[in-house]
Structure formats: structure tokens, C-alpha cells
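Okay, structure first, notes after.
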Amino acid sequence: MFTAAGAARAQQVADRIAARVENDIVLLSEVRELGAYQMLMNGKKDSDSRLLDRLIDQWIVRTEADASHFPPPSDDDVERELEKTRSALGPPERFAARLRESGLQDADLRRLVRGQLYLTNYLDSRFRPAVQISPQAIEDYYQKTVVPYAQAHGETPPSLDAARDSIREALIQRGIDEQADRWLKESRVRLHIEKRIE
């Protein structure tokens, strides 16, 4: 006899293992969820293979952060980050439509933002102290990036003094990203990783 419970089971799709990292697994549903998050944020997503690589990198960072007892973001920090996310995606109606299209629920988004914030905060605390930005690097960035960008958009560029702090932060973030990338590549070599999707 075909029951409602049987129908529900028939409609469920079994989750697959996308990768093994040490003694943990990364599920295909996690790959799909990260893809949905990218679609929400950027309007496009990476290939499954690139998404899986990102999840493996996140596993490395999370494992290191957890081992060092790094504090999770506060609820207020998560709420601020969610508000920035909503604002970046336009008016509330547009955000709601994009969220629906992504297939994510509000609770999914909150959990993903909390996780991303945890990883970003950890990388920032680990690598920021080692990033040194010279005055010359700030001036070079101003002349080679800020001024041409403003001119290309028909705008008057801000003065170097007005742009100095935001340039310094952009260069620090670039330095953090470069150091984190090197660290992740070195970490991957030491780990047992078995990818099941390419």
C-alpha cells in the first residue's frame, strides 16, 4: 500500500558524501547550500568543484579556530552583518525575492552569515598583525587604482588624505587574503583529503 509516509520517503533525495577531510565528511547538500548562498550574494555561483574547495578551506579554518577556542561572533555582530547583506542587495522586496530564488530560508542565511563571520574574524585575528603597509604602498594604490577608477566614472577622485584609511584597510585585507591563501595551501598538503566530485 502506498502511504503518505512512503510518498515522503520517495520524494527525499539521499545526501551524498562530496569529500572526506581527515575523519570528517563534506556533504553534497553543503556544496549546494554554499552555491545557493553565492547566488543570493553575487547572482552567480562557482562550479561544484570550486565550491567543494571552498568548503574544504572553511573546514581547515574552522578546525584551527575551534582548536584555539576562538570566540564566536556575538548576536549583535551577526545582526549587523545580516543588515549589511540585506542593504547590499537593495530594497527589502528585492532582498526577499532573491532569498526566495536562492531556496534559502532566513534561518539558513543567519547560520551561513554567522559561520562566515566566525571564519573571517579568525583569519583577521591570525594574519592582520603580520601585515605591514608602507606609506609608499598607499600612495601607489591611490595613483594606480583610486584616481583611474574615479576618472573612468567621470568623478573627481578624493584627496589622498581622505582616502588614506580606506586604502590602508583595502591593502591590509589583500595582505590577509594572500597570507591566508598560502597557509591554506600548506595546510592542504598535510591533510588527508579525498574529493568525490570534480
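Quick notes on this one:
- From the options Ala97, Ala162, Ala137, residue that is assigned to a helix (DSSP H, G or I), under 28 Å from Gly43 (Cα atoms), free of Cβ contacts under 8 Å to residues at least 40 places away in the same chain and among the small types (Gly, Ala, Ser): Ala97
- Residue among Glu81, Glu64 that alone is within 30 Å of Arg182 (Cβ to Cβ), modelled with pLDDT of 95 or more, in contact with a Pro (Cβ under 8 Å, 6 or more places away or on another chain) and surrounded by 13 or more Cβ atoms within 10 Å (Cβ to Cβ): Glu81
- Selected residue (only one of Glu198, Glu194 is closer than 30 Å to Ser29 by Cα, touching a Ser or Thr at 6+ places or on another chain (Cβ under 6 Å) and not in a helix (DSSP H, G or I)): Glu198
- Subset of region 121-166 (residues that are more than 30 Å from Pro72 (Cα to Cα) and of a type in the set (S, T, N, Q)): Ser134, Gln136, Gln143, Thr145, Gln151, Thr156, Ser159
- Scanning region 28-70 for residues that are assigned to a helix (DSSP H, G or I), over 25 Å from Ala88 (Cβ atoms) and hydroxyl-bearing (Ser, Thr, Tyr) yields Ser29, Ser49, Thr63.
- Some residue of region 119-139 being of a type in the set (Gly, Ala, Ser) and within 17 Å of the chain's Cα centre (by Cα): yes
- Extreme residue, surrounded by the fewest Cβ atoms within 10 Å (Cβ to Cβ), among residues of region 100-134 that are small (Gly, Ala, Ser) and outside any helix (DSSP H, G or I): Ser134
- A single member of Asp165, Asp140 is surrounded by 12 or more Cβ atoms within 10 Å (Cβ to Cβ) and not hydrophobic (A, V, I, L, M, F, W, C), and it is Asp140.
- Asp15 satisfies every condition listed in (1) at pLDDT 95 or above; (2) in contact with a Ser or Thr (Cβ under 7 Å, 6 or more places away or on another chain); (3) not in a helix (DSSP H, G or I) except (1).
The values are calculated or read from the model by the stated rules, or taken from the named source; none is laboratory data. Note that the structure is predicted; figures quoted are calculated from it, not measured. Backbone-built Cβ (ideal geometry, glycine too); neighbour counts: all protein chains shown.
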